[in-house]
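Taking it in order: structure first as structure tokens, then the write-up.
The values are calculated or read from the model by the stated rules, or taken from the named source; none is laboratory data. None of these values were measured; they are calculated from a predicted model. Ideal geometry is used to build each Cβ from the backbone, glycine not excepted, and the neighbour counts take in all protein chains shown.
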Amino acid sequence: MQLPETQVAVLEAASADDPRTVESIAEQLDRKPAAVTRAAFELEDEGLVAVHESTEESVSLTEEAETYLEDGLPEVRLYEGALDAGGDGDSVQMGQVIGASGLDGDAVDIALSNFARKGYGEIDSGEITPTPDADPDSDAEAVALESIADGDSASVSGGTLDQLERRDLIERSERTVRSVQLTDAGVTELMAGVETAQEVDRLTAELLTSGEWRDVEFSEYNVAADAPDIDGGRSHPLRSMAERVKDVLVGMGFEEMHGPHADAEFWINDCLFMPQDHPARTHWDQFALDVPPMGELPDDVRERVESAHREGVGEDGQGYHSPWGEEMARQIDLRGHTTSLSARYLSGLAEGDLEPPQRYFSIEKAYRNDEIDSTHLLEFFQIEGWVMAEDLSVRDLMGTFTEFYEQFGITDLRFKPTYNPYTEPSFELFGEHPVTGEVVEIGNSGIFRPEMLEPLGIEHDVMAWGLALERLMMLVTGAEDIRDVHGTLVDLDYLRTEEVRY
Ligand SMILES: N[C@@H](Cc1ccccc1)C(=O)O
């Protein structure tokens, strides 16, 4: 006959004459009692053993009892204290006795309430008279505590157990004791020879149809084992990162902006007070599209933008005093930054009138004719954002960045003054790469100039920024080359394994 391994072991350990407890078999086989119990019941189903059950009282000591085991019962200590204080048959002041016994707190009351009951002496009007021949060494309760500690509660009388339970010194519970005894059939099978059935690690169609599944032993699951990697579809890690950024910004009270990737230069550059002869507006930096120009620009904004470029804004404003042509403003480019969205939203074109406070963000692509290297791509994601409020300062800007980047564990931000035609003051942001230790530029920001805001019809302060999503990703995940993170040169292994939680 073939049986699973544990059943064979239990069968061989069992005896026909002498029922053995599951615990003793488990100890002998060095297996868990639960596994032996399971095997015993399976063997019983086969008629090879009988499992007998009985209940047994188990007694355990409470914490209080454990301390008495160390220090002695309080009443015994009181008795010894009384003898030490000189009361061998004579009465002694209670205070003296307690002092000599070393008892304090609740232990004093416990001692006093058991002292007379157990014949250690008399307590009367503040005096204690110990019984000269009381024998603390044979104190039934103290002896019982020792026996229970040794696992021999059977030798303790029922009366003493009841007394200990009343004193909360023991806990009694019932437990089921199972013993295994070989049946005649079991003896016969054992003599005929029992073999260990092979373990099977997967259920097959053959096992099912043949009915053999009943007899084979299935190996246990190892939930800690390494499983093969499965390369199924999953979110791009940069997408997950974008979602996480979005969660953070929405949590900070921002609303999302959306808008065209290919847009009129008007929204990309002119509204940002970028002079039309600015180097960033050449094809060295941005991609122009060979498509018809934008048909209509909103008249009033167009006029005010033109005038800001020519004469500036305010009483002593300074424009660029250089030519400004609508034709160039209507040319369609791939946006070199998503600040075009901020211009659109601020103009009210997208959202209607905006009263402060307002907070907007976008996580969209920008396109630049850059040289591709470990920190530059032609297409990348910008985390654009702006806050419109009554009074804003550089502190608000720095505080917002500190709060934002903290959510990603970046706490060592650095700020460097820079220049943008559309912000004053302006700051570049830097963070340290966790692997290379290099200080990496992660964003650009500032407070929008009146030359930008007035033509858009904004009378309040607006602070704004453009942060690089890929650079944030590199700081968070330790990726060292932007080309591995996103784009046509991406590292597939990185895409398969990188975990970005959001
Ligand atoms: N447009 C800037 C970022 C920026 C946005 C808004 C204000 C200031 C800076 C860039 O692309 O680098």
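Within the bounds of region 443-457, is there any residue that is in the same structural domain as F266 (by TED's automatic domain parsing), away from the ligand (no atom under 15 Å from the Cβ), out of contact with any Phe, Trp or Tyr (no Cβ under 8 Å at 6 or more places or on another chain) and not in a helix (DSSP H, G or I)?
Yes, region 443-457 has at least one match.
Which one of these is in a loop (DSSP other than H, G, I, E, B) and surrounded by 17 or more Cβ atoms within 10 Å (Cβ to Cβ): L145, L83, L112, L103?
Being in a loop (DSSP other than H, G, I, E, B) and surrounded by 17 or more Cβ atoms within 10 Å (Cβ to Cβ) holds for just one of L145, L83, L112, L103, which is L103.
If a residue must be surrounded by 11 or more Cβ atoms within 10 Å (Cβ to Cβ) and either of a type in the set (F, W, Y) or in the same structural domain as T339 (by TED's automatic domain parsing) (or both), how many such residues does region 206-230 contain?
The total comes to 2.
Somewhere in region 398-415, is a residue within 27 Å of F266 (Cα to Cα) and in the same structural domain as H278 (by TED's automatic domain parsing)?
No.
Filter region 207-246 down to the residues that are outside any helix (DSSP H, G or I), more than 24 Å from V500 (Cα to Cα) and in contact with a helix residue (DSSP H, G or I) (Cβ under 9 Å, 6 or more places away or on another chain) and list them by number.
Matches in region 207-246: V216, E217.
Just checking, how many residues over region 265-301 are among the acidic types (D, E) and assigned to a loop (DSSP other than H, G, I, E, B)?
So the count comes out to 4.
Give all pairs with beta carbons closer than 7 Å in which a residue from region 221-248 that is under 30 Å from D201 (Cα atoms) meets a residue that is surrounded by 10 or more Cβ atoms within 10 Å (Cβ to Cβ) and basic (K, R); count only pairs at least 6 apart in sequence or on separate chains.
Close Cβ pairs (under 7 Å, with a partner that is surrounded by 10 or more Cβ atoms within 10 Å (Cβ to Cβ) and basic (K, R)) amount to D231/R496.
Conditions first: (1) in contact (Cβ under 8 Å) with a residue 24 or more places away in the chain; (2) more than 18 Å from E255 (Cα to Cα); (3) of a type in the set (D, E); (4) within 12 Å of the ligand (Cβ to nearest atom). E390 passes all but one, so which condition is the exception?
Exception for E390: condition (4).
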